[in-house]
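Peer 1: Let me give you the structure first, and then I'll get to my questions.
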2 protein chains.
Amino acid sequence: MYLEKINGPADVKALSEGELECLAAEMRRALLARLSRHGGHFGPNLGMVEATIALHYVFDSPRDKLVFDVSHQCYPHKMLTGRKEAYLDPAHYDDVSGYSNPAESEHDHFTVGHTSTSVSLACGLAKARDLRGEHGNVIAVIGDGSLSGGEALEGLDFAGELRSNLIIVVNDNEMSIAENHGGLYGNLKLLRETEGSAPCNLFRAMGLDYHYVADGNSISALIAAFRQVKDSASPVVVHIHTEKGKGYAPAEADRESWHFSGPFDLETGRPLYAEEAPDFSSVTADYLLSRMEKEPSLVAITSGTPTVLGFTPEKRKRAGRQFVDVGIAEETAVALASGIAAGGGKPVYGVYSSFIQRTYDQLSQDLCINKNPATVVVFAGSVYGMNDVTHLGIYDIPLLSNIPELVYLAPTTKEEYLAMLDWSTGQREHPVAIRLPGGEMISDGRTVTKQFGALNTYEVTARGSRVALLGLGTFYPLAQEAAERVARQTGVRPTVINPYYISGIDAELLEELKRDHQVVATLEDGVLDGGFGEKIARFYGSSEMKVLNFGLKKEFLDRYDVEEVLRANHLTAEQVADDVCALL
Amino acid sequence: MYLEKINGPADVKALSEGELECLAAEMRRALLARLSRHGGHFGPNLGMVEATIALHYVFDSPRDKLVFDVSHQCYPHKMLTGRKEAYLDPAHYDDVSGYSNPAESEHDHFTVGHTSTSVSLACGLAKARDLRGEHGNVIAVIGDGSLSGGEALEGLDFAGELRSNLIIVVNDNEMSIAENHGGLYGNLKLLRETEGSAPCNLFRAMGLDYHYVADGNSISALIAAFRQVKDSASPVVVHIHTEKGKGYAPAEADRESWHFSGPFDLETGRPLYAEEAPDFSSVTADYLLSRMEKEPSLVAITSGTPTVLGFTPEKRKRAGRQFVDVGIAEETAVALASGIAAGGGKPVYGVYSSFIQRTYDQLSQDLCINKNPATVVVFAGSVYGMNDVTHLGIYDIPLLSNIPELVYLAPTTKEEYLAMLDWSTGQREHPVAIRLPGGEMISDGRTVTKQFGALNTYEVTARGSRVALLGLGTFYPLAQEAAERVARQTGVRPTVINPYYISGIDAELLEELKRDHQVVATLEDGVLDGGFGEKIARFYGSSEMKVLNFGLKKEFLDRYDVEEVLRANHLTAEQVADDVCALL
């Protein structure tokens, strides 16, 4: 009734506070309908309905600029800023992305997807405004879970010195994806318990003014609070206490599971998709747990995403102090792993490819210069991984494989992975990272006897001649398929190689191939620039060997169709075979 | 008298508190003597003499583990842990590095050089201790300047949840390299002014216990405080107020200049080296200042190292609000730059190659996905840069050149640099980074007319045949020299190319070279893996063209001789020419 008529914030401002309550209910219903069919970030958005309404009621976007942290909680914001169709009409569900997007609307200022960036980005907007003599409020909206991230804490500290308007809305729903971790959450709790009056106040300690809103799901309370800070001349925090998942009982009860959901049955809350097959996450947790009791210094580490390495609440409990969640703080996770290794422990840090991007310096400095034997397991490092532009997993090979001393491994199967994990956590010479292959997990039951400590020794799995195909990780099966095709098309039987080592070349083998091969092709599941294949190309640069590198073009992709992207990059068996045959 | 007999902490413990005072004076004298001859980090070490004595007096290193942040303040620690000769005898000055070093002593646990890592590393040692059922104190020593860094704030937050022994000594000398920046420094000031009793306390807000020592240069006060926290069962901060540069009047008076010093005259404090010639730092500041008055939205950004882009205290004053120091917080610097660009401003962030390692994710996510037109200037990205293992500048090409949308430029002269800076700050399409060449700044007075907006267009500066030499950045003159030698040795006159663009290839030119060239050689001032030359090798992989890539081997170097390293990597004109000729 109201929502259908909202085309922008002006339409929100035209409503009475009573009507705003109805609008909130409608928005919640629309969200539930859409999420149950389409999936998406659930809890965060339900919890932010009232706050978003109040923000647009009080502030004047886009003159006043809203910057959402992560921005997974921006669905209500999009609904109120001209994109309601995408939340009301199934035919338009995919008109919008799951994150803020300047290409969609002038009310969005950045494409965002990683945590903890909003305050610093907002400070930039504020600084530009001041330098240009412009006016308007700049408002960052950040969840309590994001506060543990270094960039956010830096941002609060920097904001504390800004002598102009900056409003930081801290949405405290007492949750990260899972439970919060870190001492500062004790302070948030104290602030909640004292209605914001406790003198010990993290935000004031950062030099910021501070307000507290006990009922962050009360539109009137929020409107009053936002009015109070509007146009303030110095930075101020508005700490609002909301309920994650509010309005849907199953989500209120199990906030971790309902952070993000696939399609589900609205009546029962049960997922509409089949129970997941064992995957690398569950395999990792089960493997580590099977060893933990006998090895008290074997410890699994996460930075706010426990289920990426398969540690459900139940498994976390079983692991006890051998499972550590540092909160959303990837840099500290790597440094912690280095310190644990230095102290004689066996740390295993599991993290998404996209988020390991935060840790280059810690991997290089804290870990690798010290050659501390920690293990990092990289999940979703693949074109088959997450496909939002801010969660791509296709850049970690250039990022990690060029750090000295880091042994970066690419298993192709579950068995190879576990053998690598076994080796890595049993040795003390090298920092190791393992890049899990994308797509369905392949398990072939093979007993892997390879000695991974003999670094940079590739494995010839099929000895042929004239052409050698190096299939790294995910694309090892692709190399095998392409080899079959080449054989069928030309009668030439290619050599097939499983390189295993992303970070180094097997010079002896590559040299040997010169004897009876004219073409070497490399296949990698990531961007080619700075990647694996280029190392091979450099090796053969001054020789007669022809080298073909298959992988992804250096670009940002967004909400892509995997098959289309593979085809565009010649990453099908047919195309690989054709390109190879053309050189024979 | 006392110092000469200190071979380890046991010898410190054997002294009376009165004798410790004498020891402190001797240590200070030794430091002054050494620093005046040899140079090194000055203020930080003079300020930490008493605290270091007290730490070794109370704690039992190496069973109790000390982790120094940055570790530039560890000279007193080294003096007391078996390395006094390196501080007493000029013949032994270079026996030790300028940072903590496990290879030198069991009392050092990590090789460290970047800020803000100590707390997280120490948490790792503590966690390993607990998991292994071991005992002992773990003590992180971190300066107030390092607190603004995200990893340190994450570390404090993580420590706040650790339910076991961890001691964090916060050495508050009211300084970073330059003045501190950030709201939290207001809290440190409040704590100093209230002798630690103010209820609003950043550390307590992070969940940590807290003690304050007003006179952090009083050995007895420090001993009392350290005794109080020794063996505590939960994490605690000991906030000590020290005087940077204590014991040398010039350093006490001008704490910024005396953070690090080269050799100087002990009597007068005057440097023993000549006034520095104009370099890229002074050129940058002067250029930006010349524009700032007319362009109020042109803003220079630093993350705690203002003089890297030439902004001395006097020039900072002139720039006013158009110079922003975010404190040691590189990630926020990049996000801030992105936000300023998004708001219509013209941000220029100047940073050392080594420290930009902290910002991969912010460059990729905050800046490049948003294609915001910020400019990043990378200093000391060169084998001629800093040569401590923790401050190397040879990894930024693989790090930056493989991020989509980032235009990474390599000027060879001052004139090219200023032309690039001019272009970059005048356009609004691309995020740009500029990698300053190493060694002496070359200025040829040339008017640069190149249109840098025509991306990835290399420049043929000498048209020859058969061999093409692509000299990137620092090594453009090397390419010219090698070309001369090739011509003399073989009569073949090579083509010489200034590529300018590290992040992209000039496919048209490279294709054209196939007509009358058989060899292409690339020369880059950085590690080859993931670098510029490999892109060229990949381009020509399936062709007849032979490619030779010259650059550095992928390894960590420490306190190296540049000429030796160049020679080992065939980066002399003679070797380049010989290797090229061998292929002709």
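The values are calculated or read from the model by the stated rules, or taken from the named source; none is laboratory data. No experiment lies behind these values; they were computed from the predicted model shown. So basically every Cβ, Gly included, is an ideal-geometry build from the backbone, and we count neighbours across all protein chains shown. Calculation scope for accessible area: heavy atoms of the full protein, side chains included, ligands and nucleic acids excluded. Shrake-Rupley method; radii C 1.70, N 1.55, O 1.52, S 1.80 Å.
Peer 1: Dipole of region A:318-421, Cα-centred, from +1 at each Lys and Arg C-beta and -1 at each Asp and Glu C-beta, to the nearest 20 debye?
Peer 2: Values: 6 positive and 10 negative charges, 71 e Å.
Here region A:318-421 has a charge dipole of around 340 debye.
Peer 1: Spelling out what I want: for every residue of region B:18-23, take phi, set θ = phi - 60°, compute 6.51 cos²θ - 1.76 cosθ + 1.60 (Karplus), and round to whole Hz; glycine and proline get x.
Peer 2: Karplus values, whole Hz, x for Gly and Pro: x, 5, 4, 4, 5, 4.
Peer 1: Then there's this: Report the relative contact order of chain A, percent, no decimals, based on alpha-carbon pairs under 8 angstrom and at least 6 residues apart.
Peer 2: On the way: 1245 pairs, mean separation 57.9, N = 584.
Reported as a whole number, the value is 10 percent.
Peer 1: Residue-wise, which Karplus ³J(HN,Hα) couplings in Hz belong to region B:77-88, taking 6.51 cos²θ - 1.76 cosθ + 1.60, θ = phi - 60°, and x for glycine or proline?
Peer 2: Here the 3J(HN,Hα) series is 4, 5, 4, 8, 10, x, 10, 4, 3, 5, 10, 10 Hz.
Peer 1: From other protein chains only, count the Cβ atoms within 10 Å of every residue's Cβ in A:198-204, then give the mean. Please list the in-between numbers first.
Peer 2: Working: counts 3, 5, 8, 6, 10, 3, 8.
Rounded to a whole number, the mean comes out at 6.
Peer 1: Then there's this: Does the protein assembly as shown come out rounded, prolate or oblate by the C-alpha gyration tensor, with a ≥ b ≥ c the root eigenvalues, rounded set by a/c under 1.5 and, if not, prolate when a/b is larger than b/c and oblate if not? Spell out each step's value before the answer.
Peer 2: Values: a/c = 1.35, a/b = 1.05, b/c = 1.29.
Rounded.
Peer 1: Would you pull out the residues with amide H under 5 Å of B:ARG493's amide H, same chain only if 5 or more places away, H placed 1.01 Å from N?
Peer 2: Amide H neighbours of B:ARG493: B:SER465.
Peer 1: Now for a different question. For peptide A:350-362, what's the mean number of Cβ atoms from other chains within 10 Å of each residue's Cβ? All intermediate terms of the calculation are to be shown ahead of the outcome.
Peer 2: Values: counts 0, 0, 0, 0, 3, 1, 2, 7, 9, 4, 9, 15, 7.
Mean inter-chain Cβ contacts per residue within 10 Å come to 4.
Peer 1: Let me ask you something else. Once the other residues with Cβ under 12 Å from the Cβ of A:THR302 are scored (Lys, Arg +1; Asp, Glu -1), what is the net sum?
Peer 2: On the way: positive: A:LYS315, A:ARG316; negative: A:GLU179, A:ASP325, A:GLU330.
That sum, taken over residues with Cβ under 12 Å, equals -1.
Peer 1: Per residue of A:549-555, how many C-beta atoms from partner chains lie within 10 Å of its own C-beta, taken as a mean? Don't skip to the end; give the middle numbers.
Peer 2: Numbers: counts 6, 0, 1, 0, 1, 9, 2.
Per-residue shielding by partner chains comes out at 3.
Peer 1: Where both residues lie in chain A, what percent of DSSP beta bridges are antiparallel, nearest 5? Don't skip to the answer; put the middle values down first.
Peer 2: Working: 7 of 61 bridges.
Taking every DSSP beta bridge within chain A, about 10 percent pair in antiparallel fashion.
Peer 1: So, for the protein assembly as shown, what is the accessible surface per residue at a probe of 1.4 Å, expressed in square angstrom? Write down the numbers at each step before the final one.
Peer 2: Details: 37430 Å² over 1168 residues.
Spelled out: the 1.4 Å probe surface of the protein assembly as shown, per residue, equals 32 Å².
Peer 1: Between B:VAL169 and residues 5 or more places away or on another chain, which pairs have amide H atoms under 5 Å apart, with H built 1.01 Å from N, and which residues are they?
Peer 2: HN-HN under 5 Å from B:VAL169: B:ALA140, B:VAL141, B:ILE142, B:VAL238.
Peer 1: With each pseudo-label sitting 7 Å past Cα toward Cβ, what's the A:ARG192-A:CYS581 distance in nm, one decimal?
Peer 2: 6.4 nm
Peer 1: Right, next: Leaving ligands, DNA and RNA out of it, rank B:LYS553, B:LYS450, B:LYS294 by accessible area with a 1.4 Å probe, largest first.
Peer 2: Details: B:LYS553 125, B:LYS450 40, B:LYS294 180 Å².
Largest accessible area first, the list is B:LYS294, B:LYS553, B:LYS450.
Peer 1: Could you work out the per residue convex hull volume over the alpha carbons of region B:143-214, in cubic angstrom? If you can, show how the numbers build up before the last one.
Peer 2: On the way: hull volume 6.2 nm³, N = 72.
Cα convex hull per residue, to the nearest whole number: 86 Å³.
Peer 1: If you don't mind, another one. Where nothing but the Cβ of Lys and Arg (+1) and of Asp and Glu (-1) is charged, how large is the charge dipole of region A:257-360 around its Cα centre, in debye to the nearest 20? Provide the component values of the computation, followed by the final result.
Peer 2: Numbers: 10 positive and 12 negative charges, 94 e Å.
With Lys and Arg at +1 and Asp and Glu at -1, about 460 debye.
Peer 1: Under 5 Å between amide H atoms, partner at least 5 residues away or on a different chain: which partners does A:VAL376 have, H built in plane at 1.01 Å?
Peer 2: Here the answer is A:TYR349, A:VAL432, A:ALA433, A:ILE434, since their amide H atoms fall under 5 Å of that of A:VAL376.
Peer 1: How large is the charge dipole for the protein assembly as shown, taken about the Cα centre, if only the Cβ atoms of Lys, Arg (+1) and Asp, Glu (-1) carry charge, to the nearest 20 debye? Spell out each step's value before the answer.
Peer 2: On the way: 106 positive and 160 negative charges, 84 e Å.
Result for the protein assembly as shown is approximately 400 debye, rounded to the nearest 20.
Peer 1: So what is the relative contact order for region A:427-584, in percent, with contacts set as C-alpha pairs under 8 Å and at least six apart? Show your work: numbers first, answer last.
Peer 2: Values: 250 pairs, mean separation 36.3, N = 158.
23 percent.
Peer 1: I would also like to ask the following. Taking the Cα centre of region B:167-321 as the origin and placing charges on Cβ (Lys, Arg +1; Asp, Glu -1), which of B:PRO271, B:THR284, B:TRP258 is farthest toward the positive end of the dipole?
Peer 2: Positive-most Cα among the choices belongs to B:THR284.
Peer 1: On to the next question. Just reorder A:MET386, A:MET545 by solvent-accessible area, largest first, 1.4 Å probe, all chains present. Don't skip to the end; give the middle numbers.
Peer 2: Values: A:MET386 60, A:MET545 10 Å².
Final ranking, largest accessible area leading: A:MET386, A:MET545.
Peer 1: Sticking with this structure for a sec: Residue by residue through region A:576-584, what is 3J(HN,Hα) from phi via Karplus (6.51 cos²θ - 1.76 cosθ + 1.60, θ = phi - 60°)? Round to whole Hz and write x for glycine and proline.
Peer 2: Per residue, the Karplus-derived 3J(HN,Hα) values read 4, 4, 4, 5, 5, 4, 4, 8, 7 Hz.
Peer 1: Hey, another quick one. With solvent modelled as a 1.4 Å probe, how much accessible area in total do chains A and B shield from it at their shared surface, in Å² to the nearest 100? Intermediate values should be presented prior to the final figure.
Peer 2: Values: alone 23030 and 23030 Å², together 37430 Å².
Adding both sides of the contact gives about 8600 Å².
Peer 1: Between A:GLU252 and B:SER164, what is the label-to-label distance in nm when each label sits 7 Å out along the Cα-to-Cβ direction?
Peer 2: Result: 4.0 nm between the two label points.
Peer 1: Among all the lysines, which ones have a C-alpha under 20 Å from A:LYS5's C-alpha, if same-chain residues fewer than 8 places away are not counted?
Peer 2: A:LYS13, A:LYS78, A:LYS84
Peer 1: Could I ask something else about it? If you add up the charges near B:ALA521, with Lys and Arg at +1 and Asp and Glu at -1, over every other residue whose beta carbon is less than 10 angstrom from its beta carbon, what do you get?
Peer 2: Numbers: positive: B:LYS546; negative: B:ASP579.
Surrounding charge for B:ALA521 is 0.
Peer 1: Give, as a single signed number, the net charge of other residues whose beta carbon lies under 12 Å from the beta carbon of B:GLY438, with Lys and Arg counted +1 and Asp and Glu -1.
Peer 2: Working: positive: B:ARG435; negative: B:ASP279, B:ASP396, B:GLU440, B:GLU524, B:ASP525.
Its environment carries a net charge of -4.
Peer 1: Considering only protein heavy atoms, what is the solvent-accessible area of B:ARG132 at a probe of 1.4 Å, reported in Å² to the nearest 10?
Peer 2: 110 Å²
Peer 1: While we're looking at this one, here's another question. Counting only C-alpha contacts under 8 Å and six or more residues apart, can you give the relative contact order of region B:243-400 as a whole percent? Show your work: numbers first, answer last.
Peer 2: Details: 231 pairs, mean separation 26.1, N = 158.
Across region B:243-400, relative contact order equals 17 percent.
Peer 1: Now for a separate question. As a test of the definition: which semi-axes, in Å, follow for chain A when you take the square root of five times each eigenvalue of its alpha carbon gyration tensor? Largest first, please.
Peer 2: Details: eigenvalues 432, 140, 99 Å².
Values for chain A, descending: 46, 26, 22 Å.
Peer 1: Sticking with this structure for a sec: Can you classify region A:56-212 as rounded, prolate or oblate using the Cα gyration tensor, where a ≥ b ≥ c are the square roots of its eigenvalues, rounded means a/c under 1.5, and otherwise it's prolate if a/b beats b/c and oblate if not? Provide the component values of the computation, followed by the final result.
Peer 2: Values: a/c = 2.05, a/b = 1.34, b/c = 1.54.
Since a/c reaches 1.5 but b/c is at least a/b, the shape of region A:56-212 is classed as oblate.
Peer 1: Please quote Rg/Rh for region A:339-428 to two decimal places, taking the Kirkwood radius as Rh and restricting both calculations to Cα atoms. Don't skip to the end; give the middle numbers.
Peer 2: Values: Rg = 13.2 Å, Rh = 13.8 Å.
Rg/Rh for region A:339-428 comes to 0.96.
Peer 1: Distance between the C-alpha centers of region A:108-185 and region B:16-66? Whole Å please.
Peer 2: 41 Å
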